1. Scan region B:86-102 residue by residue and report those that are part of a loop (DSSP other than H, G, I, E, B) and at pLDDT 95 or above.
2. Residues being more than 19 Å from residue C:88 (Cα to Cα) and without any contact (Cβ under 8 Å) to a residue 12 or more places away in the chain: count how many of those fall in region C:17-42.
3. Within the bounds of region D:42-55, is there any residue that is within 10 Å of chain A (Cβ to nearest Cβ), buried (at least 20 other Cβ atoms within 10 Å of the Cβ) and not in a strand (DSSP E or B)?
4. Of all residues being more than 8 Å from chain C (Cβ to nearest Cβ) and closer than 30 Å to residue B:16 by Cβ in region B:68-97, which is nearest to the chain's Cα centre (by Cα)? Just the residue, please.
5. Tell me, yes or no, whether region D:57-74 has at least one residue that is in a loop (DSSP other than H, G, I, E, B), surrounded by fewer than 19 Cβ atoms within 10 Å (Cβ to Cβ) and in contact with a helix residue (DSSP H, G or I) (Cβ under 8 Å, 6 or more places away or on another chain).
6. Within region C:19-41, take every residue that is more than 9 Å from chain B (Cβ to nearest Cβ) and outside any helix (DSSP H, G or I) and give me the one that is surrounded by the fewest Cβ atoms within 10 Å (Cβ to Cβ).
7. Being free of Cβ contacts under 8 Å to residues at least 60 places away in the same chain, on the phi < 0 side of the Ramachandran plot, in contact with a helix residue (DSSP H, G or I) (Cβ under 9 Å, 6 or more places away or on another chain) and crowded, with 21+ Cβ neighbours inside 10 Å narrows it down to one residue among B:5, B:14; which is it?
């Protein structure tokens, strides 16, 4: 089952500068070859269910190893069986509607 | 890795009455023997990472089988390595603070 | 517009013990007379849009005053115009389905 | 209080093609002059608390007017008092770490 995910990991107990932890998650996604896109409040990921969920678990394991005693993660996760849709398709379908009306 | 999760599955393309789908997810969690607690905007689940994530995937598969062409799910997911904490512990630690001040 | 909300506030930069902050948010909701219900990964709130959103803002202001330099909050928010539905209605509609099949 | 928000509105009871509704929300944000950025699973918004929350309420009102009987919205919302940070700052702080290590 292919899914599109919005993944936002927050380490707790490590102060307020979270970018080193977010950067490490990006490296994990990159290393695993998963299609992903960082935005200002999370990272979108596209892939097979097991691959994406395994990657998110690896992020939790690694961020704990980096010293975070506690992590809270928010995930939005979409699956559909009526059509194949990529992350770009989702953005493009909205933007084409906006552009057609200008 | 033990996790506590807030799981909220929304089937799309099936109208506005979602309770039959939510009830089916409860049956899946019950059948798998996972500790879970329904609330007004989701279901809290406590268990090992693989067991919880496998259960959530089974819910997606089953809800698609029931006719939902598209699903969007929101997950909050907490892990910690500094202490063992249950769903009840989380609620109790807040409520004991509230009661001690009355 | 009446809404049902799941509200989860996470203070950052204050260590890993979050219950004093969550308890303070409960006191704010209680003081404002909003219908609310704590669960293991957030608090459900039911009320008019402005009242609920004003309460959530007061929580942010107060938690910053308590010393949290940074806050990340997750909100699920439902509105409907086809019927009036309370938090209890949502849970009951699922549970009655589960009970009718036993 | 300035906030950065990830906003994801899902209309229910209108089938599975959601882009017309998402596009309408983009128009509302644009019309209100709010800084915003569409991504594959939501829209990031940056602004003052009241302005952002008012915009999100207008989106709910408008999407109901367009015929959606029910809406479920997910919001991630960050505030901080230790420093001023924009949406670009958040992305740049992660990307500069990634680039410095290559």
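1. Listed by number, the list holds a single entry, B:86.
2. 6
3. No, that holds for no residue.
4. Per the criteria, the residue is B:75.
5. Checked region D:57-74: at least one residue is in a loop (DSSP other than H, G, I, E, B), surrounded by fewer than 19 Cβ atoms within 10 Å (Cβ to Cβ) and in contact with a helix residue (DSSP H, G or I) (Cβ under 8 Å, 6 or more places away or on another chain).
6. C:33
7. B:14
The values are calculated or read from the model by the stated rules, or taken from the named source; none is laboratory data. Just so it is clear, the structure is predicted and the values come from calculations on it, not from any experiment. A quick note on method: Cβ atoms are made from the backbone with ideal geometry, for glycine too, and the neighbour counts reach across all protein chains shown.
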